[in-house]
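Trainee: There's a structure below that I have some questions on.
The values are calculated or read from the model by the stated rules, or taken from the named source; none is laboratory data. What you see is a predicted model; the values in this text were computed from it and never measured. Virtual Cβ from ideal backbone geometry, glycine too; neighbours counted across all protein chains shown. The area values use the complete protein model at the heavy-atom level, side chains included, leaving out ligands, DNA and RNA. Shrake-Rupley method; radii C 1.70, N 1.55, O 1.52, S 1.80 Å.
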Amino acid sequence: VAGHLVMAGRLLDEDSDLAFAHARTAHDLAPRIVAVREALAAAAYGAGDYKTAMREARTVRRMAGDDSWLPMIADCERGLGRPERALDLLNEVDLTALPDPIQAECLMVLSGARRDLGQLPAAVAVLETDLLRSGTKSVWSARLRLAYSDVLAESGRTEEARKWLLLAAASDPEGTSGAGERLAESDD
């Protein structure tokens, strides 16, 4: 089981289908272990199997009492073509009570659901929070600013989008959000 979990973790960013296969095998061997369910949820999500990812993330959330799975569960609803359910799920939760990284992920999913429904002004408004304007330098803050830049660009607000893309790249100390690459592409 441990070997399959290690391989699922190593392959998650490189080969999502193979990571999913390893996680599924670990699940077949030890389905009652929370870490196995977590690995299966993450690998299924990465492979685009939103039904499995949502089922496993809900199970982990219930077993561990961990609300950090809310953004994935809601995003799986979006992936299954049900943005209204994503909105309902996240609107039932007091997002301000969640840790900043989880709250930021929830806001990005809410914004994405609004975009899915063609509600661009609402998608922009969802992200306009204190978290967006905080001076935090982290992957989650860079991802939030990148999402804001994207929705501004989609709304035709290109100058503002460029400003937030620059802020996203500047707030990503590890360079893992993709903002730096996106900035380099736009400069070319």
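Trainee: Looking at region 171-187, which of its residues are within 20 Å of the chain's Cα centre (by Cα), of a type outside the set (S, T, N, Q) and either closer than 21 Å to Ala122 by Cβ or open to solvent by less than 80 Å² (accessible area, probe 1.4 Å) (or both)?
Mentor: Matches in region 171-187: Asp172, Gly175, Gly178, Ala179, Gly180.
Trainee: Something else about it: Residues that are touching a Leu at 6+ places or on another chain (Cβ under 8 Å) and not hydrophobic (A, V, I, L, M, F, W, C): list the helices (runs of 4 or more DSSP H) wholly contained in region 14-73 that include at least 3 such residues.
Mentor: Answer list for region 14-73: 16-29, 50-64.
Trainee: Out of all the residues in region 3-13, which are in a loop (DSSP other than H, G, I, E, B) and more than 21 Å from Arg58 (Cβ to Cβ)?
Mentor: Asp13
Trainee: I'd like to check something: does region 74-81 contain any residue that is surrounded by fewer than 20 Cβ atoms within 10 Å (Cβ to Cβ) and of a type in the set (A, V, I, L, M, F, W, C)?
Mentor: Looking for residues that are surrounded by fewer than 20 Cβ atoms within 10 Å (Cβ to Cβ) and of a type in the set (A, V, I, L, M, F, W, C), one finds at least one in region 74-81, hence yes.
Trainee: Could you count how many residues in region 98-143 are open to solvent by 60 Å² or more (accessible area, probe 1.4 Å), over 13 Å from Pro83 (Cα atoms), touching a residue at least 12 places away in the same chain (Cβ under 8 Å) and assigned to a helix (DSSP H, G or I)?
Mentor: 3
Trainee: For the subset of region 150-168 comprising residues that are under 11 Å from Leu132 (Cα atoms) and open to solvent by 10 Å² or more (accessible area, probe 1.4 Å), which member is modelled with the highest pLDDT?
Mentor: Step by step, filter region 150-168, then rank; the result is Trp164.
Trainee: Which members of region 36-53 meet the condition of being more than 15 Å from Ala64 (Cβ to Cβ) and open to solvent by less than 60 Å² (accessible area, probe 1.4 Å)?
Mentor: The answer is Ala43, Ala44, Gly46, Ala47, Gly48, Asp49, Thr52, Ala53.
Trainee: Can you name every residue in region 144-171 that is in a loop (DSSP other than H, G, I, E, B) and closer than 25 Å to Gln119 by Cβ?
Mentor: Correct list: Ser155, Gly156, Arg157.
Trainee: Scan region 18-35 for residues that are surrounded by fewer than 16 Cβ atoms within 10 Å (Cβ to Cβ), modelled with pLDDT of 95 or more and of a type in the set (D, E, K, R) and jot them down.
Mentor: Answer for region 18-35, where residues must be surrounded by fewer than 16 Cβ atoms within 10 Å (Cβ to Cβ), modelled with pLDDT of 95 or more and of a type in the set (D, E, K, R): just Asp28.
Trainee: Only one of (1) modelled with pLDDT under 95; (2) open to solvent by less than 50 Å² (accessible area, probe 1.4 Å) is not met by Pro71, so which one is it?
Mentor: (1)
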